[in-house]
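Laboratory data are not the source of any read-out in this text; all were calculated from the coordinates shown. The model shown is predicted, which means the values in this text are computed figures rather than measured ones. Note that each Cβ is placed from the backbone with ideal geometry, even for glycine, and that neighbours are counted across all protein chains shown.
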Amino acid sequence: MTISTQLAKVIRAAIDAGDAIMEVYATDFQVDTKSDNSPLTQADTRANDIITNVLNTTSLPVISEEGRLIPFHIRESWTRFWLVDPLDGTKEFVNRNGEFSVNIALIDHKKPIAGVIYAPVTDTLYFSDETGAWKLPHAKGIVLSNSDLAHFKRSGMRLPLQRITRDYTIVASRSHLNPETTEFINKTKREHDSIRIVSRGSSLKMCMIAEGHADVYPRFGLTSEWDTAAGHAIVKAAGGKVVQIENQEIELLYNSHDLQNPSFVAYPAPEISLD
């Protein structure tokens, strides 16, 4: 099965997972707490079941935030696998601000080669493969009426998009603004005349970078690999990069022993970034 055929199936799975998430979102849902004190809802588990059931038909292994933890000695030999966050931004979901997403990435030799991000509240899809990255507004109707990836590409907008402001734009986490990020922002303010700071939840920050609507997204502290993989794939396919903050020559890699990322920074395509 080709990447294109697989990606079309995965996009449909992301839309279906988004529907399940929105069904729970409309209710007075219960919030449980996982062992790391992060929130868990029925939306996380329902979306996970929908996505993994589809991915299990591709003959590739799957790592999901809400799935069974697979020991490193089993997965260290995997060359290609799916990496999933069925509901990225559960805190945003619980706070009902709409800034959550479905994240699915295809990893090959530790690098993301395809990504799908679906924001169900706005019905906006972002996806990428080896040929580029696209944004597809009003995605649900288009995806449910046609299973052809080429049709999704024709219906969407190739990333990056046209720049919307000349202000140097920093996008930062809505839920994880720490002292290191504040210091980074203050340093950047001294380097640029006009600064705009935007807060976003979940992988929507990566989507702003891929669109070219933000100049930099810094993230200090640990994140899990499923938080970044889909966004990384889309940013990279749009001409940008996601690299370690401490050494910006080193791209983020996936399938590490603990499935954790170092601090990183994401940049858009060079021709999009305006100083």
Q.
Can you find, within the stretch 146-181, the residue that is surrounded by the most Cβ atoms within 10 Å (Cβ to Cβ) among those that are closer than 16 Å to residue 14 by Cβ and hydroxyl-bearing (Ser, Thr, Tyr)?
A. 155
**Q.** All positions within the stretch 219-240 that are surrounded by fewer than 20 Cβ atoms within 10 Å (Cβ to Cβ) and over 15 Å from residue 269 (Cα atoms)
**A.** 221, 222, 223, 224
(Q) Checking the structure you have, find out if any residue of the stretch 90-100 is over 17 Å from the mean Cα position of the chain (by Cα), in a strand (DSSP E or B), hydrophobic (A, V, I, L, M, F, W, C) and surrounded by fewer than 23 Cβ atoms within 10 Å (Cβ to Cβ). (A) no
(Q) I'd like to check something: does the stretch 56-71 contain any residue that is more than 17 Å from residue 226 (Cα to Cα), assigned to a helix (DSSP H, G or I), in contact (Cβ under 8 Å) with a residue 40 or more places away in the chain and not aliphatic (A, V, I, L, M)? (A) yes
Q | Residues located in the stretch 125-144, provided they are under 19 Å from residue 22 (Cβ atoms) and free of Cβ contacts under 8 Å to residues at least 40 places away in the same chain | A | 136, 137, 138, 141, 142
Q) Looking at 6, 42, 30, which one is within 22 Å of residue 254 (Cα to Cα) and surrounded by fewer than 23 Cβ atoms within 10 Å (Cβ to Cβ)? A) 6
**Q.** The one condition in (1) in contact with a strand residue (DSSP E or B) (Cβ under 7 Å, 6 or more places away or on another chain); (2) in contact (Cβ under 8 Å) with a residue 12 or more places away in the chain; (3) more than 11 Å from residue 94 (Cβ to Cβ) that residue 34 fails to fulfil
**A.** (2)
